[in-house]
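Below you'll find the structure, written out as structure tokens, and then a few comments.
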Amino acid sequence: MSQPVLSVRRIEKSFGGIKAVRGVSFDVHKGEILGLIGPNGSGKSTLFNCILGQLEPDAGQVHVNGRDVSGLRPSKLNRLGVGRTFQQLAVFPQMSVFDNIVLAGQEHRGTMLSRLFGPSDARLTADAERMISFFRLNHLRGTLAGSLSYGQQKLLDAAMAFMAGPALVLLDEPAGGVNLTMLAHLRERLAAYNAEHGTTFVVIEHNMEFVMSLCTRVIVLAEGAVIAEGTPDEIRSNQTVIDAYLGG
Amino acid sequence: MNAWLRRVLILVLIALAIGAPLGQGNYIIYVMTSWLIFSIAAMGLNLTLGYAGQISLAQASFMAIGAYTTALLTLSGWHWLAAMPLGVLACFVVGFGLGYPALRVKGHFLAFVTLAFNTLVFLVLRNEEWLTGGTYGLVGIPRPTFGLFSTMRSLPFYYFTLMVTIIAALAMWGIVRSPWGRAFRALRENPIRAESLGVDTRRITLLAFAIGSMYGGLAGALIASLVQFIEPGSFGLAHSLRILLMVAVGGAGYFFGPFLGAGVVILLPEILRFTEGYYLIIYAVLVIVMLIFVPSGMIGIWGRIRDRFIARPVARADLQQGAQLK
């Protein structure tokens, strides 16, 4: 099999006396959409933040396309082609939708000096328009991001994560708080982006319908450890998973 | 405001700035020159605080570094045009260094760090007499001459300062409109999200301090030549607070805010002098009332008037932005 896009090896993280993540390992290959599910407090977000450099793991390594990225700052990780969305709203509210999108791509263009002396849009207008159009935000192009609805901000957050053309995107509860119509739209856009660009996704989500319809493989965490792994159909019928969710 | 209207307004303001001192006495021209110089210092703090969201109570100390460097060099025979860049460069380097605490502490704690720095600079200026003249300061600082154009008289020096202000404002306009400006605003609004999008928030924080400090240094280089005498008391904490007041009153994070703010803080007390002993009381009350009712500064007054007639979307207060991990 080809080299995995993301390889997580024996990640451990404790907060005081509580072990949030216990030696989690998994690989994600190009074009895969991996779902990471588990009950509240199972360590999903902690694991995400360890992978993305927001938290420093106590042990373990993270490799992206074969390169050890353990301990790298999030900005450096992003420049290596790793995008992310956040569980809570994470747009720049006082900037327009267009500026949010351009910001998400500008650090990947040119040098520090060219970004000072070059054009204001960092020559990203065409790319930004394409991304705005892809996520069907055209009518909101010049609107302040902070004035959008919750669902629209979630959509913008996703568009920002994809703007730099990442090889891997980690989505932290993209469906959280989004209404059913917007959710269907978001799911359809994510699937379309994956099909068009072959981008690899790792998705943390509580909405089972969303995960099962979008992901090609699912890993289940409970109490900081992997308890099951398989296709959505296999996970649905796995008794250990059912017990973990129901507290059995 | 559309681009065409903005250009016309800027041209009108420049024309007013050119015409206003004609026929005025030396004192009025001195006050107007001070307004321009403090506008430059406030422009720098506006970048650090208004655009990048990093509090600083040390802008007067950068004016001091710029002023003393320029004064010492011009007194030893250097031309202002050669001395000023060194003062500005010194501020860039020191400002870059002052930015490091901002990587570790935020808000009130950062304010105290910068306050301590301001006090440190004041003490160095006061105690290192062999270099700075101590409490006696430096006197007889020359004003620049460019061929036949001498700035020794107040009106030519005003026009010289106006030209420097316009160049500094154009450079600032270029910075805030560039991708750097977008990165500064991203740092202010959500540093963790900015970092996750590839913005090197450490470097941007340091640059926000360094560039803001450069403007302080430039203002210092001009004030040294305007007053032709400098002493440590002119760059104490009270002056840093005054520059902070200019940014807050004008409108932090708005390009024209510093000009308005410096105008209010410098010109209003002069205008209110006819009230004799009450002018400082009236001035203080006016500032307090304005900051309570229009916390976004004088630019915010224009925004409120515009919103009455033209409906436009604003950022919602009911949706909390997240990604505040650290």
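No lab work stands behind these numbers, since they all come straight from the coordinates. Note that the structure is a prediction, hence the values are computed from the model and not measured. Glycine gets a Cβ as well: all are built from the backbone with ideal geometry, and neighbour counts include every protein chain shown.
Modelled this way, with points 7 Å down the Cα-to-C-beta line, the labels at B:Glu270 and B:Ala3 are 3.5 nm from one another.
Residue-wise HN-Hα couplings along the stretch A:79-96, as the Karplus relation 6.51 cos²θ - 1.76 cosθ + 1.60 with θ = phi - 60° gives them from phi, are 6, 8, x, 10, x, 8, 10, 10, 4, 8, 4, 8, 10, 9, x, 8, 10, 5 Hz; Gly and Pro carry x. Scalar couplings 3J(HN,Hα) for the stretch B:13-19, obtained by applying the Karplus form with A = 6.51, B = -1.76, C = 1.60 to θ = phi - 60°, are 5, 5, 4, 4, 5, 6, x Hz; x denotes Gly and Pro.
Here the scattering of the stretch B:25-236 is modelled by Debye summation over its C-alpha atoms, one equal scatterer each and no solvent; at q = 0.13 Å⁻¹ the log10 of I(q)/I(0) is -0.71.
The ellipsoid that matches the Cα gyration tensor of the protein assembly as shown has semi-axes, each √(5λ) in whole angstrom, of 53, 25, 21, with the longest given first.
If R0 is taken as 60 Å, the Cβ-Cβ distance between B:Val31 and A:Ser213 corresponds to a FRET efficiency of 0.30.
Note on chain B: with a GNM built from Cα contacts shorter than 10 Å, the maximum mean-square fluctuation among B:Gln59, B:Gln228, B:Gln24 falls on B:Gln24.
Positive end of the dipole of the protein assembly as shown, charges at C-beta (+1 Lys, Arg; -1 Asp, Glu), about the Cα centre: which of B:Ala224, B:Gly95, A:Ser25 has its Cα farthest in that direction? Among B:Ala224, B:Gly95, A:Ser25, the one farthest towards the positive end of the dipole of the protein assembly as shown is B:Ala224.
Only helices enter this figure: runs of n ≥ 4 DSSP H residues, each worth -39500 (n - 2.57), summed and divided by the residues of the protein assembly as shown, yield -17000 deg cm²/dmol at 222 nm to the nearest 500. Rounded to the nearest 20 debye, the dipole size of chain A about its Cα centre is 580 debye, using +1 on the Cβ of Lys and Arg and -1 on the Cβ of Asp and Glu. Magnitude of the charge dipole for the stretch B:25-236, about its Cα centre and with charges confined to Cβ atoms of Lys, Arg (+1) and Asp, Glu (-1), is about 540 debye.
Once amide H atoms are built 1.01 Å from N in the peptide plane, which residues 5 or more positions from A:Leu170, or in another chain, come under 5 Å H to H? Result for A:Leu170 returns A:Gly83, A:Arg84, A:Thr85, A:Val202. Taking amide H as placed 1.01 Å from N in the peptide plane, B:Leu57 has its amide H under 5 Å from the amide H of B:Thr114, B:Leu115, each at least 5 places away in sequence or on another chain. Across the stretch A:112-120, computed HN-Hα scalar couplings (Karplus, 6.51 cos²θ - 1.76 cosθ + 1.60, θ = phi - 60°) run 4, 5, 5, 6, 8, 9, x, x, 4 Hz from first to last residue, x flagging Gly and Pro. Close amide H contacts of B:Ala20 (hydrogens built in the peptide plane, cut-off under 5 Å, sequence separation of 5 or more or a different chain): none are found.
Rg and Dmax, both from the Cα atoms of the stretch A:99-248 and both in Å, are 18.3, 62. Here the protein assembly as shown is treated with +1 on each Lys and Arg Cβ and -1 on each Asp and Glu Cβ, and its dipole about the Cα centre works out to around 900 debye.
Structure remark: mean-square fluctuation, Gaussian network model of chain A, C-alpha springs under 10 Å; the largest value among A:Thr181, A:Thr143, A:Thr216 belongs to A:Thr181. For A:Gln239 and A:Phe117, FRET efficiency with R0 = 60 Å and r from the beta-carbon atoms, rounded to 0.05? E(calc), rounded to 0.05, equals 0.45. Under the combined filter of DSSP loop state and at most 16 neighbouring Cβ atoms within 10 Å, the stretch A:14-57 retains these trypsin sites (Lys or Arg not before Pro): A:Lys30. Neighbours of A:Leu221, meaning other residues whose beta-carbon lies under 11 angstrom from its beta-carbon, give a summed charge of 0 when Lys and Arg score +1 and Asp and Glu score -1.
Charge tally around A:Ala164: other residues with Cβ under 12 Å, Lys/Arg +1 each, Asp/Glu -1 each, net +1.
Kirkwood radius and radius of gyration were both taken over the C-alpha atoms of the stretch B:253-300, and their ratio Rg/Rh is 1.01.
With 5 Å bins beginning at zero, the pair-distance distribution over Cα atoms of the stretch A:35-189 amounts to 1, 9, 17, 19, 20, 15, 11, 6, 2, 0 %.
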